[in-house]
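Novice: Got a structure here, written out as structure tokens. Questions coming.
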Amino acid sequence: MILDAAADVFQSQGFNGTTIDDIARRIGATKGRVYYYFRSKFDIYLSVYEYGMRLVREAVEPHVDGPGSGRDRLTAMSVAHAVNLMTNLSYHDTIHQGIHRRSALALKARQTEQLAELNTLRESYEIMFRQVVEEGMADGSLLSEEPKLVARALLSGLNSIDSWFRTRPDQSLGEVEELAARVAGLYIGGLAAR
């Protein structure tokens, strides 16, 4: 799949260090095949961003209205987010590269529009967390604090996993899930109502 290959190459070489040839080599094809599906490297990046956001949203969304208190649901959402990040690391790393560097890019109008849509998608994802934080504060399971700040700090902390986590070849999904639960517990524990 072109997107998997592109995410891997963007992760290892960075957006600026990646060429269409690099992506084509990763899938064992010519760059003509890549250009058949995408107009430019940035268009590939946008597709990687969108697919990465779709993957994490599909993993987290079922927990928004799940059972338990706001804290229980926020914990389940955080674990699902962390597991998704660790199992789709190259997608998350690529998203973060673009979030931090998007202002330095000269974009075509259609790319600017698509990036704005993706940023709206990312913001709506954050709002899901904010909603559950508010519900946890209302039910007394989370301490009272600015919900937007809490959601952003929590997601920033969870997203930092991509700066230190690397998958081991022998690592099971169970080990990833256990690590995700430990990391989420560190963050959520600080939000618990006292």
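Novice: Leaving ligands, DNA and RNA out of it, work out the accessible area of I27 with a 1.4 Å probe and give it in Å² to the nearest 10.
Specialist: Approximately 40 Å² for this residue.
Novice: Post the alpha-carbon centroid distance, the range 59-86 to the range 1-37, in whole angstrom.
Specialist: Each part's Cα centre sits 32 Å from the other's.
Novice: Largest first, how would R152, R122 line up by accessible area (1.4 Å probe)?
Specialist: R152, R122
Novice: Provide the packing ranking of 10-18, 156-164, i.e. peptides ordered by the mean count of other C-beta atoms within 10 Å per residue, highest first.
Specialist: Final packing ranking: 10-18, 156-164.
Novice: For the range 177-188, just list the computed ³J(HN,Hα) in residue order, Karplus coefficients 6.51, -1.76 and 1.60, θ = phi - 60°, integers in Hz, with x standing in for Gly and Pro.
Specialist: 4, 5, 5, 4, 5, 5, 5, 4, x, 4, 6, 5
Novice: Next up: Report, to the nearest whole %, how much of the accessible area of the chain belongs to carbon and sulfur atoms, 1.4 Å probe, protein only.
Specialist: That share works out to 51 percent.
Novice: Where only protein heavy atoms count, and the probe is 1.4 Å, what is the accessible area per residue for the chain in Å²?
Specialist: Heavy-atom SASA per residue in the chain reads 51 Å².
Novice: Still on this model: Work out, step by step, the length gained on full extension between D139 and S124: first 0.36 nm times the residue separation, then minus their alpha carbon distance; give nm to one decimal.
Specialist: Length gained, D139 through S124: 3.1 nm.
Novice: Treating only the Cβ atoms of Lys and Arg (+1) and Asp and Glu (-1) as charged, compute the dipole magnitude of the range 1-152 about its Cα centre; round to the nearest 20 debye.
Specialist: That gives a dipole near 800 debye.
Novice: Continuing with this model, one more query. Any idea which of S12, Q171, P147 is furthest toward the positive side of the dipole for the chain, if Lys and Arg beta-carbons carry +1 and Asp and Glu beta-carbons -1?
Specialist: S12
Novice: Something else about it: Output wanted: per-residue J couplings in Hz (rounded whole) for the range 86-95, from phi through Karplus 6.51 cos²θ - 1.76 cosθ + 1.60, θ = phi - 60°, x for Gly and Pro.
Specialist: 5, 8, 10, 4, 5, 5, 5, 4, 5, 4
The values are calculated or read from the model by the stated rules, or taken from the named source; none is laboratory data. Values in this document were obtained by computation on a predicted structure and should not be read as measured data. Virtual Cβ from ideal backbone geometry, glycine too; neighbours counted across all protein chains shown. For the accessible areas, the whole protein counts, side chains as well, though only heavy atoms, and no ligand, DNA or RNA atoms are used. Shrake-Rupley method; radii C 1.70, N 1.55, O 1.52, S 1.80 Å.
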